[in-house]
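The values are calculated or read from the model by the stated rules, or taken from the named source; none is laboratory data. Please read all numbers here as calculations on a predicted model, not as lab measurements. Positions of Cβ are generated from backbone atoms using ideal geometry, with glycine treated the same way; all protein chains shown enter the neighbour counts.
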Amino acid sequence: MAPKPRRETKSLVNAGKGMSTTTIVNAAALQDHLVRSLNLSMPVRKKNPVKAQARTAQERLHSGTEYRKVWVCDSCTLENEDESARCSACGSFKPNNRRIKLTLAQKKGLVQAPPPKLSQNQWEECEAKAEERGDTAHPCSICREPFGLDAKVILSCSHMFHHNCLASFERFLRTNQRVCPLCRKQNYQKRLTKQGERIYRMQCAVKVQACVRRFLARKRYPQLLNEFYKSGRGSPSRRKTFYATKLSSISSRIVRAIDAREDSIDALLAEFDKSMSLSRQVLNGESSTTTASSCDGLMTVDKWHEALRKAVLRDEKECPICINLIDSATKPVTLLSCSHVLHTDCLDAFESFNIYEIHLCPVCRSHYDARVLAHDMTFALRPSSSNMLHPTSRPTQS
């Protein structure tokens, strides 16, 4: 059996070596692509220690080889420092212009390379798709909050998110490849957008107009209802209820007007008392301090109710003069302007033995005005204005 030629054997071996080398390179490229995409940690290569000469900042400045780290704003073309995340002039966010490094598998065509940057027309088509799908009317898919007027970004897959939400999502990703939170599209492109702000402003305007129209309708409703029942239409029971409510409101307004008039009358009588005391001071030559201290207190209806409230909260059980129980059902009770409660007979006896011209409270030693209370601890009916010498129901000094 004749041996094979040696030259043919060498050519076959070389051909097999070439084919195996290409397969090994492709397999290594695919493994490298998977390792980079899954962010797997590889063993650290041992490098020979090289003594690097330290260069000072002044040397680097004069060398002329260092470049300034700045970025240019897309809106106003202002140069900003690389550390700043927003433009100092217009407030736009820093554009993401990082150049994606292709892996060996992508360069050899084994894995699809990332798409090129979108043009302006393509971005407008993405915004049109998002508006047609209704993304602007729905909340953000990450935080589930409405977009409003906050900063928004639109991806190349036409999905919209809050800028802060997407930045937080990208920060906590475990892979180097950016993935859309909704459709999982890899290596997406993003861009700031103002899509939906006009619709949001229109919705706010509609809400404001609805509130104004609701207020005007409620304001006109009683007048229209009055005209409706005045013409004789409607249910008799509802007409009766309407006029009863209207009569009650009129009565309440009359009561408030009477209370206001009583306050004005009390103020007028107090002014008369003050004028009389000033005249007595001029005629008798008294000091101004005594007269001022006796005439500066003006007790109105609100002040009397406040004094009664304080007395009820204090809940005094005994009269400070006779040290007996205070029972308005058996003995009449008098309320002082200083909110102390005493028996009416005890107070009369105390004032009859008083040696001072001005009556002082037996508890707090302050000038007071007195008013008789009813048996249910409410104010008794006040006398007519013709018999009143003081804004209280009983005079405290002659």
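Summary table
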| quantity | calculated |
| --- | --- |
| Conditions (1) crowded, with 16+ Cβ neighbours inside 10 Å; (2) modelled with pLDDT of 75 or more; (3) touching an Asp or Glu at 6+ places or on another chain (Cβ under 7 Å); number of the one not met by Cys295 | (2) |
| Check on Asn284, more than 25 Å from Ser264 (Cα to Cα) and either assigned by TED's automatic domain parsing to the domain that holds Ser264 or at pLDDT below 75 (or both) | yes |
| Qualifying residue in region 370-378 (condition: modelled with pLDDT of 85 or more, not aliphatic (A, V, I, L, M) and not assigned by TED's automatic domain parsing to the domain that holds Asp263) | yes |
| Single condition Pro115 does not satisfy, out of (1) exposed (fewer than 15 other Cβ atoms within 10 Å of the Cβ); (2) on the phi > 0 side of the Ramachandran plot | (2) |
| Those residues of region 339-357 which are within 22 Å of Ser277 (Cα to Cα) and not aliphatic (A, V, I, L, M), in sequence order | Glu351, Ser352, Asn354, Tyr356, Glu357 |
| Some residue of region 143-155 being in the same structural domain as Glu125 (by TED's automatic domain parsing), under 24 Å from Val35 (Cα atoms), without any contact (Cβ under 8 Å) to a residue 40 or more places away in the chain and more than 29 Å from the chain's Cα centre (by Cα) | no |
| Residue in region 173-204 that is farthest from the chain's Cα centre (by Cα), counting only those that are closer than 18 Å to Glu131 by Cα and β-branched (Val, Ile, Thr) | Thr193 |
| Residue within region 163-172 that is over 23 Å from the mean Cα position of the chain (by Cα), touching a residue at least 40 places away in the same chain (Cβ under 8 Å) and at negative phi present | no |
| Number of the condition not met by Thr136 [criteria: (1) touching a Pro at 6+ places or on another chain (Cβ under 9 Å); (2) surrounded by 15 or more Cβ atoms within 10 Å (Cβ to Cβ); (3) in a loop (DSSP other than H, G, I, E, B); (4) not aliphatic (A, V, I, L, M)] | (1) |
| Total residues in region 304-338, condition among the polar types (S, T, N, Q) and closer than 13 Å to Met377 by Cβ | 2 |
| Residue within region 119-126 that is assigned to a loop (DSSP other than H, G, I, E, B) and surrounded by fewer than 16 Cβ atoms within 10 Å (Cβ to Cβ) present | yes |
